[in-house]
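As structure tokens, the structure follows; a few thoughts come after it.
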Amino acid sequence: MRRTLVAGNWKMFGTRQLVRDVIGELRAMAHGATEVVICPPYPYLGPAADMVAGSALCLGGQDLHVAVEGAFTGAVSGAMLRDMGCAYVIVGHSERRQYFAESDELVATKAEAAIREGLRPIVCVGENEAEREAGRQFVVVERQLAAVTARLGASAMTQTVVAYEPVWAIGTGRTATPGQAQEIHAFLRGQLRRLDANVAESVRVLYGGSVKASNARELFAQQDIDGGLVGGASLGAVEFAAICMAAQGM
Ligand code: PGA
């Protein structure tokens, strides 16, 4: 049975106070049934690491550079994230693909670098609005996932998490319906099964895109939805805690 995972992607939002508020709220309710990962901006990883210590919560980075170290001003390596206590790192978020021109190839290299450093990559895939309108959503997510599976192979894929995030649903308040999301999740699971049956059963496939407390329960009840990647709603301590409770079936 796959353990549900809820990851809070803060993007370039938040303050030190928010770290205290969110982790303070979640520490009280987090327990072993659901894994909860907070992905704050880099400067907040230190204070967040102090606060999650001894709890069931864990930390993730929002991105990483592929090198271990080097003269890459502004960049942060997987080794540094690991050193700060991260267990996860998001790779291939649509905002990275769109605003930082990250290709499928680079995303695959980042996933590989994450695993090399002992981090679990949360690999994001998802079609944009025009692609969905053209009925190309399956082709797009298949291509994005295939770049990563081809690079990692079955054994490393067991260390990954996949997140389906339709771009038209991110930050728009327009959530995919549970049926639309389940359809893509089942497709992604099928792609993983073509690689290896064990990978298909062990890899968690998260849904992201306007997840909130009011829709989380219905989304997480879908057979192939193993949790969520939550942006805006992870910036409110009470709202995010409610989403985590929905994931725990409480
Ligand atoms: P959202 O963002 O929940 O604000 O739609 C999700 C994400 O980008 O990971």
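Observations
- Ellipticity at 222 nm from helices only: DSSP H runs of n ≥ 4 in the chain, each -39500 (n - 2.57), divided by the residue count, give -14000 deg cm²/dmol.
- Residues 1, 245, ordered by accessible area of protein heavy atoms at a 1.4 angstrom probe radius and largest first, appear as 1, 245.
- Solvent-accessible ranking of 63, 83, largest area first, probe 1.4 Å: 83, 63
- Remark: relative contact order (region 77-197) = 26 percent; criterion is Cα-Cα distance under 8 angstrom and separation of 6 or more residues.
- Global form of region 148-250, assessed from the alpha-carbon gyration tensor, a/c cut-off 1.5: prolate
- The local environment of residue 139, defined by Cβ-Cβ distances under 12 Å, has a net charge of 0 under the rule Lys, Arg +1 and Asp, Glu -1.
- Under the criterion of Cα pairs below 8 Å and six or more residues apart, the relative contact order for region 4-248 equals 22 percent.
- Other residues lying with their Cβ under 13 Å from the Cβ of residue 242 contribute a combined charge of 0, Lys and Arg counting +1, Asp and Glu -1.
- Residue-level accessible surface for residue 29, protein heavy atoms, 1.4 Å, Å²: 30
- Region 51-97 shape via C-alpha gyration tensor axes, a/c threshold 1.5: oblate
The values are calculated or read from the model by the stated rules, or taken from the named source; none is laboratory data. Since we're looking at a predicted model, the values are computed, not measured. Ideal geometry is used to build each Cβ from the backbone, glycine not excepted, and the neighbour counts take in all protein chains shown. For accessibility, only protein heavy atoms count, side chains too; no ligands or nucleic acids. Shrake-Rupley method; radii C 1.70, N 1.55, O 1.52, S 1.80 Å.
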